[in-house]
Amino acid sequence: MTGGDVRARTWSAPCQPKNFLRPCLLLLLDEQPDYGYELRDRLSHFSGAHWDAGTIYRVLNAMEDEGLVASRWEPSPSGPQRRRYEMTADGRAVLTHWARGLEEVRGLLIGFLERYERDRQAHLRGVPVNGSANGSANGAAVSVPAVAEECPIPQPAL
């Protein structure tokens, strides 16, 4: 087994932009105010990922400290009071900023995936990629990052 095979077998982290939970929560709160556990359920349907409640509450509390969301305690029909979260005007502005940044990332990802598919198809046909046997147009060896941190996805500044 080659090193690339081992890497592909053992490295299976999802490729998501760092802090992607923040814009996802803001988008869900833009749709409607909600409670933490309900946000977690809606988030799993929306993003396909499972987020633990502790992480969601930490992010919500941090965003509340930043003025992006507000919360208030409401009585619960069965049990203790529950905290209901809603987005603020500043949160909407940050969501718009994130959406613009993600549009740029989408363009980068589409370009990456199109190039990857083109190269993959060439490899399957046994055709050298970019006119050389080692995958580089100038004849230099191609280096593949071993971990995700070496190939970061650009992130919008807040």
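Some points to look at:
- Given (1) outside any helix (DSSP H, G or I); (2) loosely packed, with under 12 Cβ neighbours inside 10 Å; (3) at pLDDT below 95; (4) of a type outside the set (K, R), number of the condition Q16 does not satisfy: (2)
- Of all residues making up segment 28-40, the number that are out of contact with any strand residue (DSSP E or B) (no Cβ under 9 Å at 6 or more places or on another chain) and surrounded by 12 or more Cβ atoms within 10 Å (Cβ to Cβ): 2
- Residue ID - farthest from the chain's Cα centre (by Cα), chosen from residues in segment 41-89 that are farther than 21 Å from K18 by Cβ and among the acidic types (D, E): E74
- Only a single criterion out of (1) surrounded by fewer than 17 Cβ atoms within 10 Å (Cβ to Cβ); (2) in contact (Cβ under 8 Å) with a residue 24 or more places away in the chain; (3) over 23 Å from L102 (Cβ atoms) is not satisfied by G67, namely (3).
The values are calculated or read from the model by the stated rules, or taken from the named source; none is laboratory data. Given the structure is predicted, the values throughout are model-derived calculations rather than measurements. Please note: Cβ atoms are built from the backbone with ideal geometry, for glycine as well, and neighbour counts cover all protein chains shown.
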